[in-house]
Structure formats: C-alpha cells, structure tokens
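What follows is one structure encoded as structure tokens, with my remarks underneath.
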Amino acid sequence: MPSLEHLGIAVDDPSAVANLYEQLLGVAPYKTESVREQGVRTHFISGGSTKLELLEALDDDSPVARFLERQGEGLHHIAFEVDDIRATMNRLRDAGFEPLSDAPRSGADGKEIFFLHPKQTHGVLVEFCQSTSVELEPTPIDTEDGPIAAYEAGASSAPPVLLLHGAAGCTALETQPLLRRLEPHAHVLAVDFSGHGASALPEDRFTADLFTRNARAALDHFDIDQADVFGFSMGGSMALHLAYRHPDRVRRIAVHGGCITWDEAQVEAMLQRLDADGLRNHQPQFAAQLEMAHRNWDALFDRMRSFIRTLPDRSDDLQRIASNIEHSTLVSAVDRDDLFSLDAPLGLHQTLPHSRLAVVPGERHALSRLALDAYAPLLRQHFEL
Ligand code: CO
C-alpha cells in the first residue's frame, strides 16, 4: 500500500528554514538537488519516519514561485510512494482524477512523480512517486592495492556508516538500495572491493587482508575515525576482520547473510554460482548486469573462485577472529536462504561475544532480494540512527 514518502514545504530562504529544522530536530539537510525542468531546488531533511522536502524556486515563473507569491511559505504538497506509478496513474484517471501531467515526470531524489490538483483532493496538492535506481557517482581512491571506487551519501554531520558488499557483488548491484534507505539518517559510505564494480583488479590474489585494507582506505579517504559497519555475506566477514584489525575504527557491526565456517559442500555451492559461462547461457540478463557492473567480471569470477577455495582452511582463523570481537554486532539472515542454512547465522551469533540475532522472512541469499521494509528498521535501531 502507498506510504507517506515526504512532505513538500515551499520556502523563500532555504538556509533559514534549514536552520530552523536543525533547532527543532537536530538534523541538517542531507541532500540538495535542482530539478531544472520544474524550476525548483530541493533540500531534503530527515523527519524520522518521513522526509521533508524544502522547495526553493529557481525561476520567477516556476510553480513553486507562483505558490510562494500567492500563499507565502508553508506546506506545499504531501507525497506517497507507490510500487507502480503508471498503474497508480491509470487507476486514478479511471476513477475520474485529472493528474497535472500526462505521464509521470522525473522529480528529485531519483523519483518519477505526478501530482493531483488540490481542487480534486480537498485542498491538498498530492504527489505520487516511485523510486528508480539512480546511478551513483563513484569517488576514486588511490590505494596501495590500486585504484578503488567508493560512494558517499547523506549529511557529513550525520553518524558515519560503511557498507560492504558480498563476493562478486558491488555497491551498484547490492548495497545501493540500503545506502538510499540510510542516506536521510547517516553519512553513508560504500566501497567496491578491489576487482569489484568500479574498482580495479589488484595485481595479487584476493585475500581477506586486501578487502580489509579496501574498507580502511575508504574510511581514511573520507576522514572517518570510526563508523558503524554493515557487511553482506563476504562483506560481513570483512566487517569482522576490520573490527578485529582496527577495533577503534569500528563502532558497531551488522552482518547479514554471513558465514564463517566453510566446508567443501558450501565451497561447491558457491563455486556453482561463480560460473561465468553458465550464467551467460542460463541467466543472460543477470550476466549482462554483471558485465555492466564490473570492470572485468570474468577475471573477478576467476579470482573469487580461488579465494573461495581457501575458506575451509581459514575457518578456524575466522572463528578465532569472531570470538575476539568486542563490538556490538547484529547478526541477521533470511529464514529460507538458498545458499546458507540457518546454522550459519546461529553459529556466528553464538561465537560473537556481543551479538543480537534477527531472522527476516525471505527466500533468497541475494541482498537485492532482502525486504528492506523489514530489515532497515532493525539496522537503524542497532546503529542508533
Ligand atoms: Co515532492
């Protein structure tokens, strides 16, 4: 069902209004974005369970400028997020409503939007919106292991959170939706591990030390002394490694879909997923996504296969690392993960000295299939965001 996504507020002076909300709520705007087509600049503020969208007129003849002239500053519209904006538009048209545009338009914050006229909605301008996936701009970072890519979102004054993707994944394929979810509440950083996504393949083989250095390099680059760290699957192990190696750089940890004890059967299951030719033949759409997302996915899959084969020998090591982590950790998994059984999160939960366990309904290991409506509140609670 549609949910309240944001409240639009027309303002004369965005910095004065931003100051006001900083006094009222203790938060600064986390994003500013111009939508030229509509002659407006938007400033987003987290209102806890919803967002505030401050609307500043860029042109004298823009709809927001006309609103300000007519009514002065104040509430401009309310916006509901829907899953299918076109279906919503058709349904409302059939019901006799007249949307203000013929088709949904691009709005701020990576959304497609349309409005209903307040004449038909008892005096309130109503927006409907649907989130689309936006291409994140990578920040290149030079490291001892070659150039890697990181991504940044949210207000730099907000609590820092670092997102680590899984094996053969990347920010665009895996952690981006979580980044967008957390961006109103946190200073979110995400990194593409060496050889993944927009990061270059390193000269040497993949190791946990390499990926841990990648994560630390991202914190260093953005001058973050200490961050909450979320890691998915292999990224979860790297979050634990980072906390073990550099305990002061990590505040709290969240591991989703992680596994620290590997046997040959798990290695086999993982290697089957890392079969580039098989994916080309049987899942061509997914293969095309991988081709787009990574610089060289064949080389990445090769390296990752070698890395996965080392994991059974490293299980004792991983177990020892986990049992020495002092950080508060949220361990989570979906109840019907198609890669790991519930023994994986249970074992991790029992090994970590300070962990909480959450099991979310779900069928697939893939982070892209995780129900963020269920998981994001748990994560925000754990990270105190
Ligand atoms: Co809006």
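The values are calculated or read from the model by the stated rules, or taken from the named source; none is laboratory data. All values reported here derive from a predicted model rather than from experimental measurement. Heads up, the Cβs are rebuilt from the backbone with ideal geometry, glycines too, and the neighbour counts pull from every protein chain shown. Note: accessible area is taken over every heavy atom of the protein model, side chains too, but ligands, DNA and RNA are not part of it. Shrake-Rupley method; radii C 1.70, N 1.55, O 1.52, S 1.80 Å.
Among the residues of the range 344-365, write down those that are out of contact with any helix residue (DSSP H, G or I) (no Cβ under 8 Å at 6 or more places or on another chain) and touching a residue at least 12 places away in the same chain (Cβ under 8 Å). Spell out how you get there, then give the answer.
Just the residues of the range 344-365 that are out of contact with any helix residue (DSSP H, G or I) (no Cβ under 8 Å at 6 or more places or on another chain), to begin with: 344-347, 349-350, 354, 364-365.
Of everything in the range 344-365, those that are out of contact with any helix residue (DSSP H, G or I) (no Cβ under 8 Å at 6 or more places or on another chain) and touching a residue at least 12 places away in the same chain (Cβ under 8 Å) turn out to be Ala344, Pro345, Gly347, His349, His354, Arg364, His365.
Can you find, within the range 106-119, the residue that is nearest to the ligand (Cβ to nearest atom) among those that are open to solvent by 20 Å² or more (accessible area, probe 1.4 Å) and modelled with pLDDT of 95 or more?
Our first condition is that a residue be open to solvent by 20 Å² or more (accessible area, probe 1.4 Å); within the range 106-119, this holds for 106, 112, 115, 117-119.
Retained after the next criterion (residues that are modelled with pLDDT of 95 or more): 112, 115.
Working: Glu112: 12, Phe115: 9 Å.
Once the filter is applied, the top-ranked residue is Phe115.
Quickly run through the range 329-353 and pick out the residues that are within 18 Å of Arg245 (Cβ to Cβ), within 26 Å of the chain's Cα centre (by Cα) and surrounded by fewer than 20 Cβ atoms within 10 Å (Cβ to Cβ).
Once the filter is applied, which keeps residues that are within 18 Å of Arg245 (Cβ to Cβ), within 26 Å of the chain's Cα centre (by Cα) and surrounded by fewer than 20 Cβ atoms within 10 Å (Cβ to Cβ), the range 329-353 yields nothing.
I'm trying to understand the selection: among the residues of the range 27-46, which are open to solvent by 40 Å² or more (accessible area, probe 1.4 Å) and more than 15 Å from the ligand (Cβ to nearest atom)?
Val27, Arg36
Just the residues that are in a loop (DSSP other than H, G, I, E, B) and within 15 Å of the ligand (Cβ to nearest atom), please, taken from the range 80-105.
Across the range 80-105, the qualifying residues are Val82, Leu100, Ser101, Pro104.
Which ones in the range 120-132 are away from the ligand (no atom under 13 Å from the Cβ) and out of contact with any Gly (no Cβ under 7 Å at 6 or more places or on another chain)?
Gln120, Thr121, His122, Gly123
Any idea which residue in the range 219-274 is modelled with the highest pLDDT, counting only those that are over 21 Å from His185 (Cα atoms) and of a type in the set (Lys, Arg)?
Step by step, filter the range 219-274, then rank; the result is Arg245.
When only residues in the range 133-154 that are under 18 Å from the mean Cα position of the chain (by Cα) and outside any strand (DSSP E or B) count, which is nearest to the ligand (Cβ to nearest atom)?
Initially, the range 133-154 is screened for residues under 18 Å from the mean Cα position of the chain (by Cα), giving 133-139, 149-154.
Checking the rest, the ones that are also outside any strand (DSSP E or B) come to 133-138, 154.
Working: Ser133: 19, Val134: 16, Glu135: 21, Leu136: 21, Glu137: 22, Pro138: 27, Gly154: 19 Å.
In this case the residue turns out to be Val134.
Provide a single number: the residues in the range 47-77 that are more than 14 Å from the ligand (Cβ to nearest atom) and within 11 Å of Ile9 (Cα to Cα).
So the answer is 4.
Does Pro63 count as closer than 25 Å to Tyr30 by Cβ, more than 29 Å from the chain's Cα centre (by Cα) and of a type outside the set (Gly, Ala, Ser)?
yes
Going by what's in this entry, would Ser49 be described as of a type in the set (S, T, N, Q) and farther than 22 Å from Phe67 by Cα?
Values: of a type in the set (S, T, N, Q): yes; farther than 22 Å from Phe67 by Cα: yes.
It is true that Ser49 is of a type in the set (S, T, N, Q) and farther than 22 Å from Phe67 by Cα.
Please work out which one of (1) modelled with pLDDT of 95 or more; (2) open to solvent by 80 Å² or more (accessible area, probe 1.4 Å) is the condition Ser49 fails and give its number.
(1)
Failed condition for His221, given (1) buried (at least 19 other Cβ atoms within 10 Å of the Cβ); (2) within 21 Å of the chain's Cα centre (by Cα); (3) not acidic (Asp, Glu), with all others met?
Failing condition for His221: (1).
Could you pull out the residue among Leu54, Leu24 that is in contact (Cβ under 8 Å) with a residue 24 or more places away in the chain and either touching a strand residue (DSSP E or B) at 6+ places or on another chain (Cβ under 6 Å) or open to solvent by 30 Å² or more (accessible area, probe 1.4 Å) (or both)?
Checking each option against the conditions leaves just Leu54.
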